[in-house]
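Structure, as structure tokens:
The values are calculated or read from the model by the stated rules, or taken from the named source; none is laboratory data. Predicted model, so just to flag it, every value in this text is computed and none were measured. As a convention, Cβ positions derive from the backbone with ideal geometry for all residues, glycine included, and neighbour counts pool all protein chains shown. We work out accessible area using only protein heavy atoms, side chains counted, and drop any ligands, DNA or RNA first. Shrake-Rupley method; radii C 1.70, N 1.55, O 1.52, S 1.80 Å.
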Amino acid sequence: MAGADIVVMWVDANNKAHIKDMHALANYLPKEDASQDYTLISSNQNNGISSFSFKRKIDTCDKESDNVILTSTTKLIYAYGTSDPTGDNLEFKDIHSASHRGVKSIYLLDLQNSPNALPNDTLTFDLTVDNIELPATDTTYYCSFHEAPKVASRSQIIAVEPVVQSGNEGFVHHVIVYACYNISQKHLQNITLTGGICRTAEMPEYWNSCRHIIYAWAVGGTKYYFPEETGFGFGDEDSPQYFFMETHYDNQMSVAGIRDSSGMRLTYTSQPRQYEAGNMAIGIVEGIFVPPQAKDFKVVAYCHSSCTQQWIPEGGVTVFGYLLHAHLLGVAIKLELYRDNKPLEIFAQDKNYDFNYQEQRSFVPYKKLLPGDSLKITCTYDSTKRLQMTYGGEGTLQEMCLTFLMYYPKQQISTCGSLPGFVADRDDSLYTRLSLDVDSAKIPTYNGSVNSFYNYPKLLSNISDWTAEKVSLAQESVLESWPNVYCYLDPSLEYYQQSNYSVDPADFTEIAEASNDYCNAADVRSSSVTSQSSIPTTPSSASYPFTSLLLAGSAVCLLCLF
């Protein structure tokens with residue numbers, strides 16, 4: 001627990017509640033803070049359950065012992081012992097056993113996404129695959145068509161939740177639901193194939209008409225409620241009659257015989273809301289490379305003003321939600337906003353990205369995007385446990401760098417991003433710095449340049465000794481290259497644009513975080529977070545709920561913030 005900010009609570013034999021602000025210097029007995037910054041609000045012990053409510057400031061200004069609570073992912077380590085401490089101090093004998101502990105990722109400063117007041121006519125329908133057998137391969141993308149429910153009038157989807165088959169939680173990695181436009185039963189009357197492996201001959205026909213994103217779910221996500229003023233419409237002539245679902249299965253052990261019927265459950269209403277919601281992806285997949293043994297390797301992509309000025313209306317769009325997405329090497333993701341060619345703000349950020357906790361998050365307050373805005377996404381990777389290159393791709397062991405933005409009113413945009421700016425010729429900085437030999441690699445060239453950026457991994461894979469110096473040289477090249485930006489307007493409506501415009505990274509300097517000087521001010525703010533903790537006083541409770549900061553354990557409880 002070294003580096004943990006810890007709060008310890010218990011109720012003694014005299015029914016007196018105790019709370020201690022502590023910290024860990026090593027995996028040993030925590031040390032009590034000189035400044036006690038946790039405040040007990042209430043406590044209760046009844047029927048073998050001890051419950052506590054407590055609070056602390058977001059930044060206690062105790063830089064020696066307390067961690068600042070951020071909007072990023074926080075790791076909570078919870079543990080409990082089997083007996084109460086004797087007296088007022090924690091002793092080594094009071095420490096929990098290895099079987100009485102757990103860990104949970106959480107967004108402490110995000111407001112809980114919950115319904116306001118759902119209409120009384122809400123119904124649900126499921127988009128699920130039909131008992132398909134997963135191939136015994138590490139990565140499978142399965143694509144399927146689904147007809148929208150028949151409704152008497154235009155309806156709106158107002159909530160989305162995963163429906164993962166019990167026992168298959170370790171296989172279902174993410175699901176993206178798309179709307180299909182310009183498809184009717186007439187188009188599909190001779191089609192019997194409605195599902196298959198994506199990007200193969202099994203692919204359902206007309207899938208190119210289904211590229212407008214409704215919702216993206218990833219491992220760790222739960223039910224999401226749209227804001228009360230917006231939803232995603234369907235059921236009339238101008239809205240989708242069909243949906244398309246892309247499911248990513250992760251089967252790293254290549255287990256054979258796994259069958260699945262997972263998918264998504266959509267809640268809808270016939271009572272129209274004010275705005276039609278949209279969803280778009282920003283970032284890069286193909287073209288990512290991360291050398292082995294790299295601690296904080298950064299990859300950058302851009303959604304350029306040349307794209308946003310094409311699809312954002314004059315009054316702008318309102319962004320209400322977002323999902324940050326990378327794979328196993330991802331440790332941080334940052335999305336920055338530039339307006340009028342000047343840095344404006346850090347739009348979204350997670351300094352402690354957790355691949356296993358990818359929850360749709362809400363902006364409070366909402367944010368605004370205007371035509372001509374530019375967005376820059378930076379993903380940071382840690383490959384210190386890998387011995388080979390990692391490239392961008394669909395597999396879990398490959399990498400992605402994406403942000404999904406949910407907004408209104410809906411526009412005809414699907415994806416906005418950029419591709420690497422390496423020309424892959426003999427004079428390119430990446431190749432000269434790393435002394436790569438295009439000729440000896442026998443890669444097809446044209447006038448001395450490799451035909452496509454897709455080929456440069458073949459050169460980089462030839463490097464067997466990735467020293468710290470070579471990693472640093474590769475990082476310089478990545479950050480200095482001029483990426484080619486692209487803009488996919490919704491192809492289902494026959495709009496498509498790919499730009500050959502190259503971005504000068506010098507125009508997008510990193511945006512500094514807002515300064516936080518209140519610890520030195522005379523009137524330190526009192527912003528705080530409040531937590532609840534429930535702890536059974538007997539060790540017989542083997543299963544326990546954990547929701548937000550609700551704990552169940554036994555006797556003494558330690559809650560650690562990382």
message: Going by Cα centres, the range 315-334 and the range 388-419 are how many Å apart?
response: 9
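For the range 337-402, with every protein chain kept in place, what is the accessible area per residue (1.4 Å probe, Å²)?
Numbers: 2870 Å² over 66 residues.
Normalised by residue count, the accessible surface of the range 337-402 is 44 Å².
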message: I'd like to check one number: the per residue accessible area of the range 217-324, probe 1.4 Å, reported in Å² as a whole number.
response: 33
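Which order do Thr390, Thr86 take when ranked by solvent-accessible area (1.4 Å probe, heavy atoms of all protein chains), largest first? Please list the in-between numbers first.
Values: Thr390 5, Thr86 90 Å².
Sorted by accessible area, descending: Thr86, Thr390.
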query: Under 19 Å Cα-Cα from Lys16, which lysines qualify once same-chain neighbours fewer than 8 residues away are excluded?
result: Lys55
query: Given H placed on each backbone N at 1.01 Å, which residues far from Gly233 in sequence or on other chains put an amide H within less than 5 Å of it?
result: Ile157, Ala277
- prompt: In the range 8-141, carbon and sulfur make up what percent of the accessible area (probe 1.4 Å)?
  reply: 47
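Excluding ligands, DNA and RNA, what is the solvent-accessible area per residue of the range 34-92 at a probe of 1.4 Å, expressed in Å²?
For the range 34-92, the per-residue accessible area is 51 Å².
Tell me, what % of the accessible area of the range 368-412 is carbon and sulfur with a 1.4 angstrom probe? Don't jump to the answer; show the numbers that get you there.
Numbers: 840 of 1530 Å².
That share works out to 55 percent.
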- request: Pop out the ³J(HN,Hα) list for the range 64-77 in order, Karplus 6.51 cos²θ - 1.76 cosθ + 1.60 with θ = phi - 60°, rounded to Hz; leave Gly and Pro as x.
  value: 7, 10, 10, 8, 6, 7, 10, 6, 6, 5, 10, 8, 9, 9
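FRET efficiency for Ser435 and Lys385, Cβ-Cβ distance as r, R0 = 35 Å, nearest 0.05? Walk me through the intermediate numbers first.
Numbers: r = 27 Å, r/R0 = 0.76.
Using R0 = 35 Å, I get an efficiency of 0.85.
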query: Going down the list Lys342/Lys470; Lys223/Lys334; Lys20/Lys223; Lys57/Lys376, which pairs span over 27 Å between their C-alpha atoms?
result: Lys342/Lys470; Lys20/Lys223; Lys57/Lys376
message: Accessible area of the range 244-312 with a 1.4 Å probe: how many percent of it is carbon plus sulfur?
response: 47
Euclidean distance between Cα centres, the range 118-180 to the range 352-373, Å: 23
- request: Go through the range 40-48 residue by residue and turn each phi into a ³J(HN,Hα) via Karplus (6.51, -1.76, 1.60, θ = phi - 60°); whole Hz please, and just put x for glycine and proline.
  value: 7, 8, 7, 8, 7, 10, 7, 6, x
